[in-house]
Amino acid sequence: MSGIIKRSDYSYRITNEPETNEDGNIYVFNGIRLDNSGNKETVKILFVRRTLRFVDFQRYGSATKICKLPESFYDERFNKKYGIDSASNGLFDLYIAVKPSHGTVPEPEKSRLPKLLIIAAAVLVVLLLLIFGAVKLAGVLGGDKPAPPTDSTAETTSLGDLNGDGLINSIDASMVLSNYNKVSTGEDIPESELSRGDLNGDGRSDASDASLILAYYSFMSSSGDMTLDEYLDSRFGGSGE
């Protein structure tokens with residue numbers, strides 16, 4: 001095993017050959033985390049050469065940034081095998097993702113996991129559509145029509161707050177879905193409004209962003225205390241850009 005670095009009360013060691021993703025910018029090891037008492041915990045250790053994106057978190061799960069990979073670190077399975085000079089180690093960030101301590105998930109459970117995720121995503125989309133329909137119906141019954149966004153609205157409205165009321169809630173999530181449906185049918189939406197609805201920074205404003213808005217709204221409703229930027233930073237290690 002190779003020791004990587006010690007941070008706070010933990011040190012990290014890799015235990016096997018790394019797996020690389022398609023673009024070669026993320027190297028993933030199985031490893032262990034040790035505390036000062038010598039207690040071990042199984043973890044995933046990621047060497048990351050670029051900003052983690054939403055799709056990366058979907059693939060690797062929740063990951064926490066520890067530090068820059070020190071130039072003093074050297075491991076043949078990483079530096080030599082992939083031709084990475086140790087002087088370039090500083091280009092990589094070290095992330096840790098905690099795995100279940102009892103080992104890997106059995107194969108039958110692994111095979112069911114994608115199906116469960118698809119079902120959960122479908123249920124979430126249905127709930128979002130129901131919320132959007134309820135909000136739209138309330139507007140029709142009340143005779144209210146949302147005013148088209150102006151330049152001043154785009155300048156003063158923040159990420160996630162599509163209607164500019166100073167709140168980030170289910171109404172904004174429904175507006176993201178509405179805009180997504182309109183764009184899908186060729187309708188023009190102001191670029192500034194689409195940008196405010198792109199929370200994960202993938203260049204689109206769609207159901208994934210609507211689910212992030214609802215997750216943040218739920219978090220704040222249960223006594224959470226973060227700005228949206230801080231919340232996204234805790235989720236993605238960045239503001240989602």
* Pairs under 6 Å by beta carbon, first residue under 17 Å from Val176 (Cα atoms) in the stretch 212-234, partner among the charged types (D, E, K, R) and surrounded by 15 or more Cβ atoms within 10 Å (Cβ to Cβ), six or more apart or different chains? -> Ile213/Asp172
* Structure fact -> Taking the stretch 86-105 and the residues there that are of a type in the set (Val, Ile, Thr) and at pLDDT below 80, the one that is surrounded by the fewest Cβ atoms within 10 Å (Cβ to Cβ) would be Thr104
* Has the stretch 156-169 got at least one residue that is part of a helix (DSSP H, G or I), under 26 Å from Ala63 (Cβ atoms) and not polar (S, T, N, Q)? -> no
* To do: Please enumerate the residues belonging to the stretch 51-85 that are surrounded by fewer than 17 Cβ atoms within 10 Å (Cβ to Cβ) and in a strand (DSSP E or B).
  => Thr64, Lys65, Cys67, Lys68
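The values are calculated or read from the model by the stated rules, or taken from the named source; none is laboratory data. Please read all numbers here as calculations on a predicted model, not as lab measurements. All Cβ positions, even for glycine, are placed from backbone atoms using ideal geometry, and neighbour counts span all protein chains on display.
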